[in-house]
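Worksheet: one structure, shown below.
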Amino acid sequence: MKMKSPGKHRHPDTLWYILSAVALGIGIFFRFYRLDLDPPYFFAGTTQDLLTDPYNVIHFARNKILFGIWDIFDYSRWIVFKYTLSSFAAYISFAALGVSIVAANLSAVALNLGGILLFLTGLWRYSHKAASIAAILLLADITLLSYGRLPFMENGLIFLSGLCYFLFVQFNGSKALEIIVGAVAAICFISGKAFGIIMIIPPLYLVLVGCPDSRWRRIGTLLISFAGTIVAAGYLFYGKDFNTVYQYLSEQSVGMYGLPAALTSPANLIVQAMTFGGQSRLFYFIPGTLILLTVCLLIFIWREKTGTGSAEHNRHLRFNAVWLLAGFAFLMLFNHRPLRYQLFLLLPVSGIIGMTIAHSPYKLLARVKGLIRYALTFLVFWYLTAQVILTFSNVSIYDNVTRSVWWGLILAIILTLLTTLFSVGFGRLLQYTIKYSCIIALLFLAHQGFWVYYWLDKSTYDLKRAGSDLSQIVSENAVIVGPYSSALTIDTKLRSFIYMFGLVKKEPDLFTRHNLTHLATDPANLEAALRDYGKAMESLPLTRYFARDVEVQIIAVNRVNSPSVYAPTEYEIAANFYNERMPDSAEIFVRKFLEKYPRNRSALVLLSNIYLQTQRFNEALKTFNQLIDIYPRDSYLYFYNGLYNYRLYLLTRDYQFLKQSERLYEAAVRINPTLEDDVGLSKIQAEQMFRKPSP
């Protein structure tokens, strides 16, 4: 099969520059747009980390600005967060703008966008067209955009890995290259993420293959710089607490999630490799990237012409290829590999695609022949089909995905056989895909624009409003503990204590030792808390908040030990009377509270529940309608108002209540599509409540 160079048929580079300018505009504008917005609903079902992890990472920076000390509880279990680049960036942002959710998210945007632009600048020095193509894939990507607005540790890694690539390009040929790049690669590990350690592999490989006369001296310099920076920074940051760091890393990697399945059998290794990306829906929002990456890999395999090409091109291409392969090989081993872990690999993916489209890669590296060609083609097809099945099915990260892999195997065999039979046509297909790749890029931009529109059309401020509500219903000396404590206090001056329940190492005196007063948790973590800390959970349910698909319960805890240090608010007293089924007393205190905070969501919900408890249905519905008027984008208010109307319909058989419930249910789902299944379930549960027992 002969593949002619598509050079004379290339689209004008101007078109790529125009598309990249559009992507740049989208990427910059929407990263800074309304930074207090909730994360998009369409990431529901993948992970809860969009609502928990970001503000835990910057917990120490917030403490330093608000309370003058980094660790207000002298609790070193999460000390790793303190020395991340994301924490440093947040500290600078808080110092300049004050502590708020906007300032926190602004620090994330600076790191995410800065890392991408550094990477593109390094690529631009080699090829303007390749950088333009990569810019389209990175800047307009809705996943990078959404995660890039939140202060994850991974955004620090994106910045550092982009910086590492830029410095490798910038100082190429300099005697200081190995020292600088080795130090930055070490910081990727120390202050980015632990798996950032793979950033030492690309420069190490390039020095090994590209400097035959001085390779061992330069490798030694690189490794000494890398190891020396790790030791120096580790001692400077952690000192004698390094054992705490080790315990944290081991607990987060294998302690909570078990021995990596990939290491237990060859079959599991294959499953882990083939499901990497698709299992976390990496390509669900960017199928165009998956298509272009597949085409580029196949072009490398099926190239016909020989030649080594320029050393410059090989250096850029090899750096990106080794970066991608090292990250893939390392991360795919582990059982816990959420979407955010994989985002820094989108940089080399886009770089490889950009260089492939911009130039003729089949002229650059030694060709692959015979059975090896078909074996590699089969592997690419197997990965592609497994990704497609996982990405566009209802398989979640918690489901058994083995069946998807073996279905992908069958499809990959079929595709490889067809490729063998029609190799000439296959080669032409690859050529034409590259030739018209600008159409794929245009469709990619349109697709990402759709996701941005969909996000903004259903935009909410649930997390921000929940934090404001919480700061009113608890006393100023409250200490909020749990996985959502940092997220709910980021806009306030309340103290928060990071804790995820279900950890391997238990601390029986946790609640009493730190005078923790309130728990902010989802139902799953609450179950673990009750199991592990039952004696401390002398609890009182106070309220519930909803963000995206997550219900966060606020519970007053440690009530036996905290009275001497904590005085409950009028709202908490009212909630206690309500739970004791003393509605008259509850109403007195909640009305006193509402005189101070007449728009408080939790208090108005409590008042409506008091009305329902005393069978004043019209007043209850009137209060719920008042709530909807105040919070017209709160999907759960519509949902529960719809539920109350449906219950009244079952009680009275008045069809006006049924019509109203359907209208409210529809409004809830329109704002938050994740509630669609809950609507049907709530109706079934309501019908069971009012079903007459069989005689």
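The values are calculated or read from the model by the stated rules, or taken from the named source; none is laboratory data. Computed from a predicted model, the values in this text were never measured in an experiment. Methodologically, a virtual Cβ is constructed for each residue, glycine included, from the backbone with ideal geometry; neighbour enumeration extends over all protein chains shown. Only protein heavy atoms, including side chains, enter the accessible area calculation; ligands, DNA and RNA are left aside. Shrake-Rupley method; radii C 1.70, N 1.55, O 1.52, S 1.80 Å.
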Residues within segment 472-511 that are crowded, with 22+ Cβ neighbours inside 10 Å and either over 26 Å from the mean Cα position of the chain (by Cα) or outside any loop (DSSP other than H, G, I, E, B) (or both), tallied:
15
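So for segment 446-457 (the condition being part of a helix (DSSP H, G or I) and buried (at least 23 other Cβ atoms within 10 Å of the Cβ)), does at least one residue qualify?
So the first thing to find is which residues in segment 446-457 are part of a helix (DSSP H, G or I), and the list is 446-457.
From the residues that got through so far, the ones that are buried (at least 23 other Cβ atoms within 10 Å of the Cβ) too are 448.
Checking segment 446-457: at least one residue is part of a helix (DSSP H, G or I) and buried (at least 23 other Cβ atoms within 10 Å of the Cβ).
Quick check on this structure: which one of LEU606, LEU594 is closer than 28 Å to GLY482 by Cα and either in contact (Cβ under 8 Å) with a residue 60 or more places away in the chain or not in a helix (DSSP H, G or I) (or both)? Break it down into steps so the answer makes sense when it comes.
Values: LEU594 fails: either in contact (Cβ under 8 Å) with a residue 60 or more places away in the chain or not in a helix (DSSP H, G or I) (or both).
When all the criteria are applied, what remains is LEU606.
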Cβ-Cβ below 6 Å, separation at least six or inter-chain, first residue in segment 440-453 and farther than 15 Å from ILE353 by Cβ, second assigned to a helix (DSSP H, G or I) and open to solvent by 30 Å² or more (accessible area, probe 1.4 Å): which pairs?
VAL452/PHE30
Looking at segment 617-695, what helices (runs of 4 or more DSSP H) fall wholly within it and have at least 1 residues that are open to solvent by less than 80 Å² (accessible area, probe 1.4 Å) and among the basic types (Lys, Arg)?
635-652, 676-690
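Find the residue count for segment 592-604, including only residues that are open to solvent by 50 Å² or more (accessible area, probe 1.4 Å) and either aromatic (Phe, Trp, Tyr) or under 23 Å from ASP462 (Cα atoms) (or both). Break it down stepwise before answering.
Filtering segment 592-604 down to residues open to solvent by 50 Å² or more (accessible area, probe 1.4 Å) leaves 592, 595-599.
Still in the list and also either aromatic (Phe, Trp, Tyr) or under 23 Å from ASP462 (Cα atoms) (or both): 596-599.
Total meeting the criteria: 4.
Results for (1) farther than 26 Å from PHE501 by Cα; (2) touching a residue at least 40 places away in the same chain (Cβ under 8 Å); (3) of a type in the set (Asp, Glu), shown as yes or no for each residue.
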{"position": "LYS64", "(1), (2), (3)": "no, no, no"}
{"position": "ILE72", "(1), (2), (3)": "no, yes, no"}
{"position": "TYR83", "(1), (2), (3)": "no, yes, no"}
{"position": "ALA89", "(1), (2), (3)": "yes, yes, no"}
{"position": "ALA103", "(1), (2), (3)": "yes, no, no"}
{"position": "LEU106", "(1), (2), (3)": "yes, yes, no"}
{"position": "PHE119", "(1), (2), (3)": "yes, yes, no"}
{"position": "ARG125", "(1), (2), (3)": "yes, yes, no"}
Return yes or no: is PHE94 open to solvent by less than 10 Å² (accessible area, probe 1.4 Å), in a helix (DSSP H, G or I) and of a type in the set (Phe, Trp, Tyr)?
yes
Within segment 458-465, is there a residue that is crowded, with 20+ Cβ neighbours inside 10 Å and touching a strand residue (DSSP E or B) at 6+ places or on another chain (Cβ under 7 Å)?
yes
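Condition check ((1) open to solvent by less than 10 Å² (accessible area, probe 1.4 Å); (2) under 17 Å from SER475 (Cα atoms); (3) modelled with pLDDT of 90 or more) across all residues:
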| position | (1), (2), (3) |
| --- | --- |
| ARG513 | no, no, no |
| GLU527 | no, no, no |
| ASP532 | no, no, no |
| PHE546 | no, no, no |
| GLU551 | no, no, no |
| ASN561 | no, yes, no |
| TYR566 | no, yes, no |
| ASN576 | no, yes, yes |
| LEU606 | no, no, yes |
